[in-house]
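A.B. asks: Please find one structure pasted underneath; my questions will follow.
The values are calculated or read from the model by the stated rules, or taken from the named source; none is laboratory data. Owing to the predicted nature of the structure, the values given are computational and were not obtained by experimental measurement. Counting neighbours? That spans all protein chains shown, and the Cβs are built from the backbone with ideal geometry, glycine included.
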Amino acid sequence: MAIEGRDETAFAGRIRLGMVGGGQGAFIGAVHRIAARLDDQYELVAGALSATPEKARASAAEIGLPAERSYASYEAMAEGEKARPDGMQAVAIVTPNHMHFPVAKTFLEAGFHVICDKPMTLNLAEARELAEIAKTSGKVFVLTHNYTGYPMIRQARAMVAAGELGAIRVIVAEYAQDWLATRTEDTGSKQADWRVDPARAGAGGAIGDIGTHAYNLACFVTGLKAEKLCADLTSFAPGRRLDDNATMMLRFEGGAKGTLWASQVAVGNENGFTLRVYGEKGGLEWAQEEPNKLWYTPLGEPKRLLTRNGAGATGPATAVSRIPAGHPEGYLEGFATIYTEAAALIRAAEAGGAASDNGVLPGIEEGIAGLAFIEACVESSKRDGAWVDL
């Protein structure tokens, strides 16, 4: 994170990290590996990078893992690394959704810390079971909702918490893509194939893949929890079994109202993730494709542009900034912030401290909330948009 004035004692010994999933042809595995190394906090020492042993070995060789620490299965990896005096300390899970629960369960019970891609599990029942396993294990569990690590999102959260917007009235979250506008799953795309398969993705398509990000960020910035929602889920691509477009209304605690739109068939959108929050005293607007900017409008005053390292940026933003003002910082760095903050928790736990979160990092609670959100959306849509309790 911020290079100037950083505490060098925090870098005493890289955390030994293993990875499950993320082999050849996978996108997110490389993202996690870059993020883990960006702040020099981790060393990748082991992996079960594919369910196909030959592919796992080839993937390990490609990224420089020693052959003896490339495992044919995650079960073998847990046993092998636990038996080594130099075994890994934590595991990153970057598999399709249906494998999150069994892999996390295995490693938590074997005594390893877990950093897991979202959503936490395939369904809400698994999420609740995993919460108990994590609690019993005493190990760190972190969920990589990477957008929470963006500097101007941290800035927005701090401004809301400080009361600069007053009581929150309206929350508008949108996440629009177009990469599934046609049946991309029929073109051999590995990324599309599992995301439209209920057995591997779960009950939600677009709502599980990107809608959970929008919902998580709305809650993260405002500090509010949704109490009810009504949703309309649609599969526009012929024969697609999971939703590729979702629209909904939400009622938050304290009386705030929200809308959320998540679409992967919105032609012309690449990664159009935006969040707008309006309170009685002002409003905030943020767009992921211009992540270093946050627009702030106090009631009755001109709109103000706040930038990552510019005038108006405060500690919560600058603390997770790495590079000089005017240089783009976003997706990879957001992941890296999650990994670096997770490293601090892991070190504290390894030193005998409590493996609890720092009040900012997404973890078990956010994982359960995400699965509850997905299941409420599915139930509401099945009931023709009826209001459903979260």
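A.B. asks: With respect to the numbered conditions (1) surrounded by fewer than 16 Cβ atoms within 10 Å (Cβ to Cβ); (2) in the same structural domain as Glu375 (by TED's automatic domain parsing); (3) of a type outside the set (D, E, K, R), which one is the sole condition not fulfilled by Gly202?
C.D. replies: That leaves (1) as the condition not met.
A.B. asks: Taking Met159 as meeting all but one of (1) farther than 20 Å from Gly208 by Cα; (2) assigned to a strand (DSSP E or B), write down the number of the exception.
C.D. replies: Unmet condition: (2).
A.B. asks: Another question, then. Scan the stretch 260-297 residue by residue and report those that are surrounded by fewer than 16 Cβ atoms within 10 Å (Cβ to Cβ) and touching a residue at least 60 places away in the same chain (Cβ under 8 Å).
C.D. replies: Val267, Gly268, Glu270, Asn271, Glu280, Lys281, Lys293
A.B. asks: Among the candidates Ile171, Ile207, Ile153, which residue alone is among the β-branched types (Val, Ile, Thr) and touching a Ser or Thr at 6+ places or on another chain (Cβ under 7 Å)?
C.D. replies: Working: Ile207 fails: touching a Ser or Thr at 6+ places or on another chain (Cβ under 7 Å); Ile153 fails: touching a Ser or Thr at 6+ places or on another chain (Cβ under 7 Å).
Sole residue among the options that is among the β-branched types (Val, Ile, Thr) and touching a Ser or Thr at 6+ places or on another chain (Cβ under 7 Å): Ile171.
A.B. asks: Let me ask something else about it. Could you list, in sequence order, all residues of the stretch 178-216 that are part of a helix (DSSP H, G or I), out of contact with any Gly (no Cβ under 8 Å at 6 or more places or on another chain) and not aliphatic (A, V, I, L, M)?
C.D. replies: So in the stretch 178-216, the residues part of a helix (DSSP H, G or I) come out as 184-187, 190-195, 198-201, 206-216.
Right, trim to out of contact with any Gly (no Cβ under 8 Å at 6 or more places or on another chain) and you get 184-187, 191-194, 198-200, 206-207, 209-210, 213-214.
The answer is Thr184, Glu185, Asp186, Thr187, Gln191, Asp193, Trp194, Pro198, Arg200, Asp209, His213.
A.B. asks: Any idea which residue in the stretch 136-172 is surrounded by the most Cβ atoms within 10 Å (Cβ to Cβ), counting only those that are without any contact (Cβ under 8 Å) to a residue 40 or more places away in the chain and farther than 19 Å from Leu294 by Cβ?
C.D. replies: Ser137
A.B. asks: Continuing with this model, one more query. Would you point out which residue out of Leu361, Leu371, Leu332, Leu345 is in contact with an Asp or Glu (Cβ under 6 Å, 6 or more places away or on another chain) and of a type in the set (A, V, I, L, M)?
C.D. replies: Leu361
A.B. asks: Here's a follow-up. Checking the conditions here, which among Arg157, Arg169, Arg195 is closer than 21 Å to Phe252 by Cβ, within 17 Å of the chain's Cα centre (by Cα) and basic (Lys, Arg)? Let's see the steps before the verdict.
C.D. replies: Numbers: Arg169 fails: within 17 Å of the chain's Cα centre (by Cα); Arg195 fails: closer than 21 Å to Phe252 by Cβ.
Every option except Arg157 fails the conditions.
A.B. asks: Now for a separate question. Taking Ala349 as meeting all but one of (1) outside the structural domain of Gly29 (by TED's automatic domain parsing); (2) in contact with a strand residue (DSSP E or B) (Cβ under 9 Å, 6 or more places away or on another chain), write down the number of the exception.
C.D. replies: Evaluating Ala349 over (1) outside the structural domain of Gly29 (by TED's automatic domain parsing); (2) in contact with a strand residue (DSSP E or B) (Cβ under 9 Å, 6 or more places away or on another chain) leaves (1) as the failure.
A.B. asks: Output the qualifying pairs, or none if there are none: Cβ atoms under 6 angstrom, residues six or more apart or on different chains, first residue in the stretch 327-346 and under 10 Å from Gln41 (Cβ atoms), second residue assigned to a helix (DSSP H, G or I).
C.D. replies: Here the result reads Ala336/Ala35; Ala336/Leu38; Tyr339/Ala35; Tyr339/Ala36, each pair linking the stretch 327-346 to a residue that is assigned to a helix (DSSP H, G or I).
A.B. asks: Can I ask one more? Condition first: surrounded by 13 or more Cβ atoms within 10 Å (Cβ to Cβ) and free of Cβ contacts under 8 Å to residues at least 12 places away in the same chain. Now tell me which residues in the stretch 298-326 satisfy that.
C.D. replies: If the condition is that a residue be surrounded by 13 or more Cβ atoms within 10 Å (Cβ to Cβ) and free of Cβ contacts under 8 Å to residues at least 12 places away in the same chain, then Arg304, Ile323 are the ones that fit.
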